[in-house]
Structures are given as C-alpha cells and as structure tokens.
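**Student:** Supplied in structure tokens, the structure appears directly below.
The values are calculated or read from the model by the stated rules, or taken from the named source; none is laboratory data. These figures come from a predicted structure and were not determined experimentally. Cβ placement follows ideal geometry from the backbone for every residue including glycine, while neighbour counts extend to all protein chains displayed.
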Amino acid sequence: MPQDFAAERERLNGLVMKYAGTGTKRFYNLDWNAYRDGALPQKTKELLGLVASLVLRCDDCIRYHLGQCREQGVTAEELEEAVHIGLVVGGSITIPHIRRLWDAWERGCD
C-alpha cells in the first residue's frame, strides 16, 4: 500500500475513532477480525474482499485490499483470476476500476 494512501487512511480512521461510538468500534473490530486466518487463509479473504470491492466499485477499498493482497503474496496470475470473477459478476462498469487496479499493481500498489 502506498505510504501516502496508508498514512491518509490511518489519519482518517483516527478521526473516525475520535468520534466513534460503541457500534462503530464494534464494526471496525468485526472487519479486522474477518480477515484473519481461519478456515480460509488471509490471502484468500483479501482476494474475496478485493472482488467485493471491485463489484461495489469502491476505489479506496480496492486500493486497500490490493495492498493487502500484495503483502499476502498474491501473484499476478491469482490476481487476474480474481479480477476476472469481479468483471463477470460486476459487468463492464467495473472496467475503469480494473484499469486503475492494474495501474496500482504495476506501481507496487501505490
């Protein structure tokens, strides 16, 4: 994940937590725990998160999960298969996001 994106995300999450009530804090905890190793390894879960983000067309989420995928050792071939699933499910409207995804991957996820 690029340093500027990661730093901005961390800063903004700090702002959210400054004002967060119990429900928001519980959601953040639920989200964090969902991606931990379990019956499915974290690598698989990050690919699932990436596909969901692609279908929902959330560029911030795509960038986050793309960086996590890289950290988990996802290969370009594995990524391409996951992206293909996202394209099939989400349709052609995901193509602009796929362009940016591959651009970020080429640049080391920045």
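**Student:** Please verify whether the range 51-69 includes one or more residues that are surrounded by fewer than 20 Cβ atoms within 10 Å (Cβ to Cβ), over 26 Å from Asn13 (Cα atoms) and not polar (S, T, N, Q). Walk me through it before giving the result.
**Tutor:** In the first step, residues of the range 51-69 are kept if they are surrounded by fewer than 20 Cβ atoms within 10 Å (Cβ to Cβ); the result is 52, 55-61.
Applying the additional criterion that residues be over 26 Å from Asn13 (Cα atoms) yields none.
For the range 51-69, residues surrounded by fewer than 20 Cβ atoms within 10 Å (Cβ to Cβ), over 26 Å from Asn13 (Cα atoms) and not polar (S, T, N, Q): absent.
**Student:** Please give the number of the condition Val16 fails out of (1) surrounded by 14 or more Cβ atoms within 10 Å (Cβ to Cβ); (2) touching a Phe, Trp or Tyr at 6+ places or on another chain (Cβ under 9 Å).
**Tutor:** For Val16, the exception is condition (1).
**Student:** Could you say whether any residue in the range 57-64 is under 12 Å from the mean Cα position of the chain (by Cα) and farther than 17 Å from Ala6 by Cβ? Explain how you work it out, then say what you get.
**Tutor:** Taking the range 57-64 first, the residues under 12 Å from the mean Cα position of the chain (by Cα) are 57-64.
Filter once more, so that each one left must be farther than 17 Å from Ala6 by Cβ: 57.
Yes, the range 57-64 contains at least one residue that is under 12 Å from the mean Cα position of the chain (by Cα) and farther than 17 Å from Ala6 by Cβ.
**Student:** May I pose another question? I'm checking my understanding of the structure. Among residues of the range 32-50 that are assigned to a helix (DSSP H, G or I) and of a type in the set (A, V, I, L, M, F, W, C), which one is farthest from Tyr64 (Cα to Cα)? Step through it out loud before you land on a result.
**Tutor:** Of all residues in the range 32-50, those assigned to a helix (DSSP H, G or I) come to 32-34, 42-50.
Checking the rest, the ones that are also of a type in the set (A, V, I, L, M, F, W, C) come to 32, 34, 47-48, 50.
Values: Trp32: 13, Ala34: 15, Leu47: 11, Leu48: 13, Leu50: 8 Å.
The extreme case among them is Ala34.
**Student:** Next up: Looking for something in contact (Cβ under 8 Å) with a residue 12 or more places away in the chain and not in a helix (DSSP H, G or I) - is there at least one such residue anywhere in the range 51-62?
**Tutor:** Checked against the condition, which is being in contact (Cβ under 8 Å) with a residue 12 or more places away in the chain and not in a helix (DSSP H, G or I), the range 51-62 yields at least one hit.
**Student:** Does Gly73 fit the bill of being free of Cβ contacts under 8 Å to residues at least 40 places away in the same chain, at positive phi and in contact with a helix residue (DSSP H, G or I) (Cβ under 8 Å, 6 or more places away or on another chain)? Can you show your working first?
**Tutor:** On the way: free of Cβ contacts under 8 Å to residues at least 40 places away in the same chain: yes; at positive phi: yes; in contact with a helix residue (DSSP H, G or I) (Cβ under 8 Å, 6 or more places away or on another chain): yes.
Yes, satisfied.
**Student:** In the range 70-98, what count of residues is obtained for those that are assigned to a helix (DSSP H, G or I) and either among the small types (Gly, Ala, Ser) or not assigned by TED's automatic domain parsing to the domain that holds Val51 (or both)?
**Tutor:** As a first pass, look at the range 70-98 and keep what is assigned to a helix (DSSP H, G or I): 70-71, 76-90, 92-98.
If we keep only those that are either among the small types (Gly, Ala, Ser) or not assigned by TED's automatic domain parsing to the domain that holds Val51 (or both) too, we end up with 76, 82, 86, 90, 92.
Of the residues in that region, 5 qualify.
**Student:** Only one residue in Tyr28, Tyr35, Tyr19, Tyr64 is touching a helix residue (DSSP H, G or I) at 6+ places or on another chain (Cβ under 6 Å) and among the hydroxyl-bearing types (Ser, Thr, Tyr). Which one?
**Tutor:** From the options Tyr28, Tyr35, Tyr19, Tyr64, the qualifying one is Tyr35.
**Student:** Within the range 72-84, does at least one residue satisfy the condition of being of a type outside the set (Val, Ile, Thr), buried (at least 16 other Cβ atoms within 10 Å of the Cβ) and out of contact with any Lys or Arg (no Cβ under 6 Å at 6 or more places or on another chain)? Even if it seems obvious, please write down each step before you answer.
**Tutor:** As a first pass, look at the range 72-84 and keep what is of a type outside the set (Val, Ile, Thr): 72-73, 76-82, 84.
From what's left, buried (at least 16 other Cβ atoms within 10 Å of the Cβ): 72, 79, 82.
The next check asks that each one be out of contact with any Lys or Arg (no Cβ under 6 Å at 6 or more places or on another chain); those that pass are 79, 82.
Taking every residue of the range 72-84 in turn, at least one turns out to be of a type outside the set (Val, Ile, Thr), buried (at least 16 other Cβ atoms within 10 Å of the Cβ) and out of contact with any Lys or Arg (no Cβ under 6 Å at 6 or more places or on another chain).
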